[in-house]
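See below for the structure under consideration.
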Amino acid sequence: QSVLGILGGGQLARMLALSAAPLGAQALVVDSSADACAGQVAPLVVADWADYTALEAFAAQVDVVTFDFENVPAETARWLAQRVAVFPAPHALAVAQDRLAEKTLFRECGLPTPAFMAVDTREQLDQALAVVGAPAILKTRRLGYDGKGQFRLRALADADAAWAELGAQGSKHGLILEAFVPFERELSVLAVRGRDGDFRTWPLTRNWHTDGVLSMSLAPAPDIDVLQQHATALARTLAERLGYVGVFALELFVKDGELLGNEMAPRVHNSGHWTIEGAHTSQFENHVRAVLGLPLGDTGARGLSAMFNWIGELPHMAPVLQAVDAHWHDYGKQARPGRKVGHATVCAPDAAQMAVRLAAIAEGLGREAQAVPVLHALG
Ligand code: ATP
Ligand code: MG
Ligand code: MG
């Protein structure tokens, strides 16, 4: 039996552990918190990222190490990589941890991005605003997630307020100012690359965010035309440049019908949760297969899938359990504002049946407003 080491014990580790089991692999999870939700389904080592005594023992017990959390210090990842196979490799993780390095790589790979400039001082914020213009978003280069560590500037006059909020963090890790893109759609492409270089993508996913947090996804994204080929080719170029092994997500904006790169997540991703029931092989299973050096599975979709994200607290599950081909995922976490506590996926063979099932679930849960743009996208 192989043992898969996972750094970080959130819902992604939990779903990785659950899909490792049928492949005969056991997960061993590291998290600094004893109530990390992956600990309910896999053995948990409670340690922080600088606890090299605990990490030494962990490394001795696992065949390969991977991530649930992309902000594991690159130092820790490199230290582990001297003792055990680590996928994705620490250098790929390091690029994805820094929005500046990440966007620079996107451009080198032929993927345009919103205009951006590095900002380390208050003066540089003014200089960057003069180049990038307003509206714009100031983001921390590192450690941001779910829209945290960001400030939206509607006009040049918002610079003081933006600096008051993020300046202190900026002097530590640096900031980046990005042009605000009035995009037509947000898409993501989930991709996987094996240890032998085999590369695959799932069909593009369309995503809707509320307050910077993913709220709904629909896959395969309708009306994508040539964007699938473009996204796949770009993801492959990126993966090959990084020598990437495992699953990653590339978050994209569509502006004037063209793709712009927002960020990449060097791990399984929330916008790929639909693949558990909606694809022949899920992102979780293919990530486990990739890092263990097993053949990759078919990434084709079975039909259409729509995912609801549950933020803060779970709704009643009855409307989902009673629906046809709908699936409930409770992460076993305490309710807390802004926290991802679960998701539900509904699948259907075609757009017409998806619209009926989605509308019924949304009504049962009082989430009609959330479903409106998804129903609209279904036509
Ligand atoms: P994640 O949870 O996906 O890691 P994050 O905190 O890293 O999120 P981003 O992906 O940079 O943050 O931004 C969150 C959301 O905010 C995006 O999905 C998008 O909806 C919006 N957004 C971010 N940057 C821009 C931009 N330059 N123009 C327009 N909207 C943006
Ligand atoms: Mg991010
Ligand atoms: Mg994002």
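At-a-glance table
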| read-out | value |
| --- | --- |
| Relative packing of 202-212, 281-291, 185-195, 252-262, which averages over residues the other C-beta atoms within 10 Å, highest first | 281-291, 185-195, 202-212, 252-262 |
| GNM result for the chain, Cα springs below 10 Å: residue of 121, 113, 237 fluctuating most strongly | 121 |
| Nearest-0.05 FRET efficiency for residue 130 and residue 169, computed from C-beta distance (R0 22 Å) | 0.45 |
| Computed E for residue 156/residue 209 - FRET, C-beta separation, R0 22 angstrom, nearest 0.05 | 0.30 |
| Listed residues 178, 75, 123, most fluctuating in the chain (Gaussian network, C-alpha, under 10 Å) | 123 |
| Kyte-Doolittle at least 0.0, axis length at least 18 Å by Cα - qualifying DSSP helices, the chain | 351-365 |
| Among 80, 304, 23: highest mean-square fluctuation, GNM of the chain, C-alpha pairs under 10 Å | 23 |
| Convex hull volume per residue in cubic angstrom - Cα atoms of the range 185-378 | 117 |
| Label-point separation in nm, residue 228 to residue 61, each point 7 Å along Cα→Cβ | 4.3 |
| Antiparallel DSSP beta bridges within the chain, as percent of all bridges there, nearest 5 | 80 |
| Mean separation of Cα contacts under 8 Å (6+ apart) over length of the range 254-379, as relative contact order % | 20 |
| The chain, relative contact order in percent, only Cα pairs under 8 angstrom and at least six apart counted | 13 |
| Per-pair calculated FRET efficiency, R0 = 41 Å: residue 84 and residue 258 via Cβ, rounded to 0.05 | 0.50 |
| Cα pair count fraction exceeding 32 Å, expressed as % - the chain | 33 |
| Summed residue charge, Cβ within 13 Å of residue 337's Cβ, Lys/Arg positive, Asp/Glu negative | +2 |
| Residues of type lysines that residue 172 reaches as a straight line, Cα spacing below 21 Å, ignoring anything fewer than 8 places off in the same chain | 103, 139, 148 |
| Full-extension gain in nm, residue 21 to residue 352, via 0.36 nm per residue minus C-alpha separation | 115.6 nm |
| MRE, 222 nm, helices only [DSSP H, n ≥ 4, -39500 (n - 2.57), over the chain, to nearest 500] | -10000 deg cm²/dmol |
| Neighbourhood net charge (15 Å Cβ-Cβ; Lys/Arg +1, Asp/Glu -1) for residue 120 | +3 |
| D_trans [Stokes-Einstein, Kirkwood Rh over alpha-carbon pairs] for the range 115-179, 4 °C, 1.567 mPa s, µm² s⁻¹ | 116 |
| Sequence-distant aspartates and glutamates (8 or more away, or on other chains) whose Cα lies within less than 18 Å of residue 255 | 178, 184, 186, 223, 225, 263 |
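Each reported figure results from applying straightforward, stated rules to the coordinates on display, with no laboratory input. All values derive from a computational prediction rather than experimental measurement. Neighbour counts are summed over all protein chains in view; Cβ atoms, including those assigned to glycine, are modelled from backbone coordinates with ideal geometry.
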